[in-house]
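Each reported figure results from applying straightforward, stated rules to the coordinates on display, with no laboratory input. Everything numeric here is computed off the predicted structure, so don't read it as measured data. Note: ideal-geometry Cβ built from the backbone for every residue, glycine included; neighbour counts use all protein chains shown.
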Amino acid sequence: MSHQPLACILSPDLLRKVARASASERRSPILSTLELDQSFRRRRTELAARQIARPVGARAAAAGGAPNRSIYDQEHSTEYIPGTLVRKEGQGPVDDVSVNQAYDGFGLTYKLFWDIFRRDSIDDQGMPILGLVHYGEAYDNAFWDGAGHMFFGDGDGQLLTDTTKGLDVIGHELTHGVTQHEANLTYSGQSGALNESMSDVMGSLVRQYHLNQSAAKADWLIGKDIVGPELAPALRSMKAPARRTSTTTSRLTWITTSAPPRTTAACTPTPASPTMRSTSPQPPLEARRGRHPGVSGTTRCWTQG
Ligand SMILES: [Zn+2]
């Protein structure tokens, strides 16, 4: 079976778990997020089914070297189409910090791909990068929609905060676009896990490159800058084997463990940096990292109780 679920930074598994563990008054924004994610998931499935990955060698030589960014204010609507254009390439900062953070994050992601890989934007053809901020009301997610847009929720302040703050999150989501244009990996099973792993690696590398960190110095946490108190300290760790478990309260607790996962991972991504290579026996990276929306067949360490 082929799936192309929405490439969200926060998985539906985790959202459902938090909803179950939360008091009734806290469930509303979480359930709204899940409902919106499902709607976009269907749309992205249709888009991916129509897309054919570009053949190897078909890349045209392009001048490149500069991004083409546009940031739109969705003004809390849940429309698929871009809202009000508030900042475009070359314009200075505006009053809205979310707009500026999205703009800067796009630029820093472009910079890594250009400086290191000489890749000219998401499609290597100078594709405009469109960011849609303030999506929905207290929307607890951020995602690449497969149609050229990255959506940013403001968060409800408990699960997530302003998602434009997450440079690694921006790198993660835009890398879904790169993967889509390079390979259009089916978002299921092994290829889905590989898709996710690539996004986490590149998202972390965007932040490391900006901070001039070595792989050894980096914390390899994903989403540390966007989590609220209920998900602190981060969404995932690529460095420390860890998982989340529920407690008797609504708060989820992060625990680290050296125990192997309860189920077998569907794939073992190739280590992409020295930090990810381990000299001690470890479960596959994806097994340790947990499951992302729609990636079936992988373990669910982070969201199992
Ligand atoms: Zn993802």
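What distance in nm separates the simple spin-label points at residue 28 and residue 214, each placed 7 Å from Cα in the Cβ direction?
Placing both labels 7 Å beyond Cα along the Cβ direction yields 5.1 nm.
Which number comes out as Rg/Rh for region 1-221 once both Rg and the Kirkwood Rh are worked out on C-alpha atoms?
0.95
Using the Cβ atoms and a cut-off under 12 Å, what net charge is assigned to the surroundings of residue 208, where Lys and Arg are +1 and Asp and Glu are -1?
+1
What's the exposure ranking of 72, 103, going from fewest to most Cβ atoms within 10 Å?
Least to most surrounded, the residues fall as 72, 103.
Any idea what the dipole of region 185-245 comes to, in debye rounded to 20, about its Cα centre with Lys/Arg Cβ at +1 and Asp/Glu Cβ at -1?
Here the size comes out at about 160 debye.
Using the Kirkwood radius over Cα pairs, work out the Stokes-Einstein diffusion coefficient for region 101-234 at 25 °C and 0.890 mPa s, in µm²/s as a whole number.
Once the numbers are plugged in, D ends up at 165 µm²/s.
Return 76, 181, 176 ranked ascending by Cβ neighbour count within 10 Å, so the fewest neighbours appear first.
Listed from fewest to most nearby Cβ atoms, that is 76, 181, 176.
For the charge dipole of region 188-239, defined by +1 on Lys and Arg C-beta atoms and -1 on Asp and Glu C-beta atoms about the Cα centroid, which residue among 213, 238, 199 has the Cα displaced farthest towards the positive pole?
Value computed over the given set: 213.
Kindly rank 23-29, 10-16 from highest to lowest mean number of other beta carbons found within 10 Å of each residue.
10-16, 23-29
Could you list 200, 37 so that the one with the fewest beta carbons within 10 Å of its beta carbon is first and the one with the most is last?
37, 200
Can you tell me the equivalent ellipsoid semi-axes for region 182-231? Use √(5λ) from the Cα gyration tensor, largest first, whole Å.
24, 16, 9
So how strong a dipole does region 1-221 carry about its Cα centre when Lys and Arg Cβ are +1 and Asp and Glu Cβ are -1, to the nearest 20 debye?
That gives a dipole near 600 debye.
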